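**Q** My questions all concern the structure below.
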Amino acid sequence: MLLWLLLVGSFSYAQGSMTKSIRMAIFLDKGANARPQIIDTFASDRSISVVVVNGEDIRTGCLKNADVLFIPGGSGKKEAFSLGEDGQEEIRRFTHDGGIYIGVCAGCYLASSSRPEYLGLMPLSNVDKQHWRRGKAFIPIKFTKLGMEIFGLKQENADVLYHNGPIFPHDYEHKNEIAPLSYFLGEIVGPEGQVGLMVNSPAMVLTRYGNGLVLGISPHPEASPGLEDIELHAAHWLYNNRNHVKVAAPVSYAPVSSPTPASSVITEQIPTTLPERIYNKAEEIFEHTRNCHYRHLQESVEDQVRKVNGAYEANTDCSGFVSYVINSVSPGHYNVVYQMTGHTYPHARTFVILIGQLRTDISTNGWLRLGSFRNLRRGDLIAWEKHNQYSQSGRSFTRSGHVMIVVDPPGKIVTGTFASRPIRYVEVYVLDSSSVEHFAPQVLPQGAHQNERDGIGKGTIRLMLDNQDNVIGFWQGTFSHGKNKSIEGPSYSKRIGFARLVPLTAAKSN
């Protein structure tokens, strides 16, 4: 007998939106890096009540007030550490008692049985554990009929972003407990990794744990064109059908008949664009930083970030960090901005001046200005300059600004009020060096062991908009440790620019 989903009076997604509010807890803590877009997607649905929780919240019983727990990507091992044994047991109890667990990438690892500290909600373990760093690429997948229904899809084939998610075996045990929802049709293999493990392996699975449901998603559909909303659809479907899981006759789901040949396997991470290379370098520093502090230094950019025994030490400000990243990836592009400054390295204001001189239709020496915040993509740059301010002496003017690297495209436009006046803004998730606590989600380097923002990190900033969607200001965060005071509201400035680096060989100079 196989465990399967026997639908009795199943609900459609539209019908689900008319039910009572679904209470969803989204886990954000060390190791858990939820993309702002997926939070926006869930929060914008009026039939879902979203609350962000951390390990301490879960340990103290917050899941008693939740129907769905969403665990995002990041690091499954670090997520387990953030939860602790008590938090892990709370999630097992929550799921066993009828809760719905949705885990993406690292959250899927966490639900598996691959490591002793994982939750063991799914009787599946990752294969080739030693070479789990397979890389990042868009991989073709094929959905099963059940997968298409759960995710609300009309076509069975799609391309999905994969980034080191778990790879489950083709011929796994406990088949009577697991429903595959999609299969990988291709694969990416890291150095010394075994070829052939990923093709035909389950990319998304559904299983039972006690009275609850567990949805494990290895790739990142929320970051894949055309699949951005399927996790939202799945949350509705699982909630509406949570009581209709029955033991039924065996159902066969054969692997795809035409696997990708080994000759077409992607064998390494392939950052195909310069912005991707920029982001990957910044991410490498973020992941392997063991010591970082926010500092304004006079050293050259090569000396502000150092790699020691495979780990990074970063004592640098925002422009020092961005300059180091650009110089590491493409010294030619860095030289363009370096030549414009009289300092040992370009400050944020220098980036603002450079961007202001660029065109949006033709690149100049490999630099291209983006005409709208809507054009921002991963690896692009945002730079702004504040209005003149008095120095601490009160006798002179100083200029200050900020420059950062985009992690994810902007979210939806938000409208509200501030100081009894209407405001409009859009949030962007960035990677930068700062002494300002950004808006959530904010993630600090795990190896740096910091409790507050002091240098390199990821976080959300807000770009303020007028009624024509022109960017007229910024709201960097909630608290400035450099000034030791709260940030009470947005700052307004016309000197805000967006830029993208393009290959020098393809660039045209004015």
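**Q** Quick check, is Val68 of a type in the set (A, V, I, L, M, F, W, C) and closer than 16 Å to Thr207 by Cα?
**A** Answer is yes for this residue.
**Q** Being in a loop (DSSP other than H, G, I, E, B) and surrounded by fewer than 19 Cβ atoms within 10 Å (Cβ to Cβ) is the filter; apply it to the range 308-320 and report the residue that is modelled with the lowest pLDDT.
**A** Going through the qualifying residues, I end up with Gly310.
**Q** Report, ordered by the first and then the second residue, all pairs with beta carbons closer than 8 Å, sequence separation of six or more or different chains, a first member in the range 106-123 that is assigned to a helix (DSSP H, G or I), and a second member that is surrounded by 20 or more Cβ atoms within 10 Å (Cβ to Cβ) and of a type in the set (Phe, Trp, Tyr).
**A** Taking only residues 6 or more apart or on different chains, the pairs are Gly107/Phe27; Gly107/Phe70; Tyr109/Tyr118; Leu110/Tyr118; Ala111/Tyr101; Ala111/Tyr118.
**Q** Which ones in the range 315-329 are in contact with a His (Cβ under 9 Å, 6 or more places away or on another chain) and either in contact (Cβ under 8 Å) with a residue 60 or more places away in the chain or under 17 Å from Thr273 (Cβ atoms) (or both)?
**A** Asn315, Thr316, Asp317, Cys318, Ser319, Gly320, Ile326
**Q** Taking Tyr162 as the residue in question, decide whether it is among the aromatic types (Phe, Trp, Tyr) and touching a helix residue (DSSP H, G or I) at 6+ places or on another chain (Cβ under 8 Å).
**A** So Tyr162 does not fit the description; no.
**Q** Of everything in the range 44-78 that's in a helix (DSSP H, G or I) and among the small types (Gly, Ala, Ser), which residue is surrounded by the most Cβ atoms within 10 Å (Cβ to Cβ)?
**A** Per the stated criteria, the residue is Gly76.
**Q** Next question. Quick one: in the range 343-352, which of the residues that are closer than 21 Å to Glu299 by Cβ and among the hydrophobic types (A, V, I, L, M, F, W, C) is surrounded by the fewest Cβ atoms within 10 Å (Cβ to Cβ)?
**A** Taking the candidates together, the pick is Ala348.
**Q** Now for a different question. Out of all the residues in the range 169-187, is one or more in a helix (DSSP H, G or I) and either among the basic types (Lys, Arg) or at pLDDT 90 or above (or both)?
**A** Initially, the range 169-187 is screened for residues in a helix (DSSP H, G or I), giving 175-177.
Remaining after also requiring either among the basic types (Lys, Arg) or at pLDDT 90 or above (or both): 175.
Checked the range 169-187: at least one residue is in a helix (DSSP H, G or I) and either among the basic types (Lys, Arg) or at pLDDT 90 or above (or both).
**Q** Same structure, new question: Among the residues of the range 446-481 satisfying the criterion of being surrounded by 15 or more Cβ atoms within 10 Å (Cβ to Cβ) and assigned to a loop (DSSP other than H, G, I, E, B), which is modelled with the lowest pLDDT?
**A** Checked the range 446-481; the qualifying residue modelled with the lowest pLDDT is Gln450.
**Q** Could you check, for the range 119-130, whether at least one of its residues is β-branched (Val, Ile, Thr) and out of contact with any strand residue (DSSP E or B) (no Cβ under 8 Å at 6 or more places or on another chain)?
**A** Within the range 119-130, one or more residues are β-branched (Val, Ile, Thr) and out of contact with any strand residue (DSSP E or B) (no Cβ under 8 Å at 6 or more places or on another chain).
**Q** Further question on the same structure: Please list, ordered by first then second residue, the pairs with beta carbon atoms under 7 Å, 6 or more apart or interchain, first in the range 330-353 and small (Gly, Ala, Ser), second assigned to a loop (DSSP other than H, G, I, E, B).
**A** Gly332/Gly366
**Q** Quick one: in the range 86-118, which of the residues that are of a type in the set (Ser, Thr, Tyr) and out of contact with any strand residue (DSSP E or B) (no Cβ under 6 Å at 6 or more places or on another chain) is nearest to Val214 (Cα to Cα)? Please lay out each step first, then the result.
**A** At the first step, the residues of the range 86-118 found to be of a type in the set (Ser, Thr, Tyr) are 95, 101, 109, 112-114, 118.
So of that shortlist, the ones also out of contact with any strand residue (DSSP E or B) (no Cβ under 6 Å at 6 or more places or on another chain) come out as 109, 112-114, 118.
Working: Tyr109: 12, Ser112: 10, Ser113: 13, Ser114: 16, Tyr118: 14 Å.
By that ranking, first place goes to Ser112.
**Q** I'm trying to understand the selection: among the residues of the range 356-388, which are within 26 Å of Gln37 (Cβ to Cβ), aliphatic (A, V, I, L, M) and part of a loop (DSSP other than H, G, I, E, B)?
**A** Leu370, Leu376
**Q** Lys281 versus (1) of a type outside the set (Phe, Trp, Tyr); (2) crowded, with 17+ Cβ neighbours inside 10 Å; (3) farther than 17 Å from Asp454 by Cβ; (4) touching a His at 6+ places or on another chain (Cβ under 8 Å): which is the lone unmet condition?
**A** (4)
**Q** Report the residue count in the range 179-201 for those that are in contact with a Gly (Cβ under 9 Å, 6 or more places away or on another chain) and without any contact (Cβ under 8 Å) to a residue 60 or more places away in the chain.
**A** Number of matching residues: 2.
Yes/no matrix, rows are residues, columns are (1) in a helix (DSSP H, G or I); (2) in contact with a Phe, Trp or Tyr (Cβ under 6 Å, 6 or more places away or on another chain); (3) modelled with pLDDT of 95 or more; (4) surrounded by fewer than 20 Cβ atoms within 10 Å (Cβ to Cβ):
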{"site": "Glu302", "(1), (2), (3), (4)": "yes, no, no, yes"}
{"site": "Arg306", "(1), (2), (3), (4)": "no, no, no, yes"}
{"site": "Val322", "(1), (2), (3), (4)": "yes, no, yes, no"}
{"site": "Ile326", "(1), (2), (3), (4)": "yes, yes, yes, no"}
{"site": "Gly332", "(1), (2), (3), (4)": "yes, no, no, yes"}
{"site": "Thr341", "(1), (2), (3), (4)": "no, no, no, yes"}
{"site": "Leu354", "(1), (2), (3), (4)": "yes, no, yes, no"}
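The values are calculated or read from the model by the stated rules, or taken from the named source; none is laboratory data. Values in this document were obtained by computation on a predicted structure and should not be read as measured data. Heads up, the Cβs are rebuilt from the backbone with ideal geometry, glycines too, and the neighbour counts pull from every protein chain shown.
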